[in-house]
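Structure first, commentary second.
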Amino acid sequence: MIGGGRSASDADGWDFFVSYTAADRGWAEWIAWALEEAGYRVLLQAWDFVPGSNWVNGMHDGVQRAARTIAVLSDGYTRSVYGTAEWQAAWAADPTGAARKLLVMRVADCDRPGLLAHVVSTDLFGHPERQARAELLRAATLARSGGRAKPREAPPFPPDRRAVQVRPSFPGGPPEVWNVPPRLAHFTGRAELLDQLHGQMTTAGTVTVCALHGLGGIGKTALAIEYAHRHADAFDVVWWIPAEDPDAIPDHLTTLSLALDLPDGTGWPAILTVLRRDRRRWLLILDNVEHPDVIGPYRPTDALGRLLVTSRRRDLAGFGSRLEVTELPRSEAVELLTRRVPGIDPDTASTIAGLLGDLPLAVEQAAGYLDQTATPPTDYAQLLATRLGDMLTRGHVTDRPGTTIANLWDLSLTQLRATHPAAVALLDLCALCAPEPIPHTLFTDHPHLLDVTALREAAGDPLAWNDTVGLLVGYGLARRDTTGITLHRLTAAAIRTTMTPTTTATTATALLHLLRATLPGDLDGHTEHWPPWRALLPHLRAVLDNQPDTTWNTKKIRREVSWLCDRTGAYLDLHGRPDTALPYLHRALTLYTHDLGPDHPDTLASRNNLANAHWSAGRLDQATSLYEQTLTDRLRILGPDHPDTLTSRHNLAAVRAARDHDQAAQPDDTGTDTQPA
């Protein structure tokens, strides 16, 4: 065996301190394991900086007390502040390289910046594991001995230069039995999730199955591909199986059996027996599992196997561990756009990412559209803001041809419509709401207002309701937590494109009936009524803002829309948002005037509320005019002693006083205040 043992001079420290960045933890652990197997003592943050220890002090000990530092070099490492400090400390202790205190192990095809360019490095990537291990141990031995790299045997006679020698290339060290799709060209971020996945897949014990679950288009498949490529050298066999069609899985297993030199048609039990007999480490990836029953037969039966599953379903924890894949952090979504669209302004990229809900597939699709059409990003952002549904079909995703946000959920919707009308009706209602949690009680407190029989029955039965919501969650169409049901903004937009105008109108009408029945009307001075408004206001505004008043075809619903607009404006005005309140109050007054006439008490109250908002917004002239008109009408209709008339008289006097005060405070032409004598 090459290397081995500790020197007496190193008795109080370590032979090697492995310096790395989080993204390369897999390489660092592999290096440390190989060195310790060869008899060296290695200091590694992942193993030695345990909870309760001071990692900064540990890092200091590493660079001070280790005989040599191994820099695990990648693009990420070159940008690491702490990694740079560690290798520079080793270089400063041995600037000429005579003591070989700094060993550079490249684990990716990257540049060696600055002083690192002058240190001879060892490449571990691009080789099978056995060769990479030999290169590592050879470098360690030469560093310890200070010897030359002269081979023990004479080199072969050089071949004819005219002959072209071709040898297989294994970037990152993938095994010979391997069919994983290529890495995504623009994979971005997900470092923390990849670390969590690696931890789950390598934890000692019985957990050998990990399921990545999340919404469609969230990046589960991309994450699984990236994981397989990063950790390919940890396995002898890695096989990818598209699993959305269970009937096609045996065909993929037949291809695996042929790759293993087994007879055509060899089934999974026989394949597993051969893998176990040959002590081969294997990783099977089932992509896009639609039903949990698919997973069971492929669970590993020993410590050599690993099963990685991707699915929109979340009910997979019974097979092992489970990780939820969520939207990209905004910074990573912006990074993806700026890498794909040269010259895009980061603020505009952030706006686009926000309008797309930071959904990775949508961001890729947007980048494809911008690249294809050369549309200015600001124009594209405006199109997203005003015509989101139309934009869902536009754009090309390089790694998923034929897939867009518009058709991503087609299969799930088809299955639901065939068998679960209550779930479809609930999905339509949620699609007209905002991408915020929708309280369950909005539906379950007033089931009689739901016009779809199946949903009405489900909302009245706690068990049936739980099953109905569970279907949406199970199909990856919605999320559920203690606060309610949530649809991603793009899921909702895609659902809306499948709804007919009639379905949209009847669904919006039912939703407004529910909101009218749930929301209290008394707001001023009744803070106990504010919580339901706080929870439901985003959904109420989503319905009101996206449905024209021509949608409402009965007197009852028009009265409810008038009331909801008026109360929305009043709530916003009470909470310091008069400019946002004004359009709703104008709309309420228009509807009341049209349907009830200008003299109806509700019309007069609506006009008074509109005047209140103008006053809050500092538009005192408009407020005064509306108060004057309201007082005149109330005197004529209600009489001088009616409480509403007295309120109008008070409001008018107060706004006039405020206006006179403001005018008196304005400077005259000479620049002096015109205060009364």
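Here, each number is a calculation from the coordinates, and none is a lab measurement. Model, not experiment: these values are computed from the prediction. So basically every Cβ, Gly included, is an ideal-geometry build from the backbone, and we count neighbours across all protein chains shown.
Percent relative contact order of region 409-521, based on C-alpha pairs within less than 8 angstrom and at least six residues apart? Each step should come with its number before you reach the end.
On the way: 113 pairs, mean separation 39.0, N = 113.
Relative CO of region 409-521 lands at 35 percent.
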Computed over region 177-324, Kirkwood Rh from alpha-carbon pairs, angstrom: 15.5
Burial ordering of His488, His513, His213, fewest other beta-carbon atoms within 10 Å first: His513, His213, His488
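Of Glu335, Glu628, how do they rank once you tally other Cβ atoms within 10 Å and put the fewest first? Present the calculation step by step, with values, prior to reporting the outcome.
Working: Glu335 19, Glu628 15.
The most exposed by this proxy come first: Glu628, Glu335.
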Spin-label model distance (nm) - Thr414 vs Arg138, 7 Å beyond Cα toward Cβ: 5.5
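What is the dipole size for region 409-521, taken about its Cα centre, with +1 at each Lys and Arg Cβ and -1 at each Asp and Glu Cβ, in debye to the nearest 20? Mind dumping the intermediate values first?
Values: 7 positive and 9 negative charges, 50 e Å.
Its charge dipole is roughly 240 debye.
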Relative contact order, percent, region 177-324 [alpha-carbon distance under 8 Å, six or more residues apart]: 35
Amide H contacts under 5 Å for Ile485, placed H, 5+ residues apart: Ile438, His440
Share of pairwise Cα separations in the chain, more than 41 Å, in percent: 49
Acute angle (nearest 10 degrees) that the helix 410-419 long axis makes with the longest principal axis of the chain, alpha-carbon atoms: 60
Sequence-distant residues sharing a close amide H with Leu73 (under 5 Å, placed H): Met105, Arg106, Val107
Helix 601-616 vs. the chain, principal-axis angle (Cα, 0 to 90°, nearest 10): 60
Tilt relative to the chain, helix 129-145 - C-alpha long axis, 0 to 90 degrees, to 10: 70
Sorted by Cβ neighbour density within 10 Å, fewest at the top, the residues Arg587, Arg100, Arg577: Arg577, Arg100, Arg587
Calculated FRET value between Asp345 and Thr273, using beta carbons and R₀ = 60 Å, to 0.05: 0.55
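Roughly what % of Cα-Cα distances in region 548-666 sit above 18 Å, to the whole percent? Mind dumping the intermediate values first?
Details: 3696 of 7021 pairs.
Percent of Cα pairs beyond 18 Å in region 548-666: 53.
Note down the magnitude of the dipole of the chain about its Cα centre, charges +1 on Lys and Arg C-beta and -1 on Asp and Glu C-beta and zero elsewhere, to the nearest 20 debye. Don't skip to the answer; put the middle values down first.
Working: 64 positive and 80 negative charges, 385 e Å.
That gives a dipole near 1840 debye.
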Helical contribution to [θ] at 222 nm, DSSP H n ≥ 4, -39,500 (n - 2.57), averaged over the chain, rounded to 500: -15500 deg cm²/dmol
Share antiparallel - DSSP beta bridges, the chain, percent rounded to 5: 10
Where labels lie 7 Å past Cα in the beta-carbon direction, separation of Arg281 and Arg636 in nm: 8.9
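Under the definition of Cα pairs under 8 Å and six or more residues apart, what whole-number percent is the relative contact order of region 548-666? Mind showing how you got there, number by number?
On the way: 126 pairs, mean separation 21.3, N = 119.
Rounded, it is 18 percent for region 548-666.
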Unit charges at the beta carbon, dipole of the chain: most positive-side option, Gly216, Ala581, Ala654: Gly216
Cα convex hull volume per residue for region 330-391 (Å³): 69
Debye, to nearest 20: dipole size of region 547-642, +1 on Lys, Arg Cβ, -1 on Asp, Glu Cβ: 260
Charge-dipole axis of the chain as Lys and Arg at +1 and Asp and Glu at -1 on Cβ define it, positive-most pick from Gly189, Pro538, Gly265: Gly265
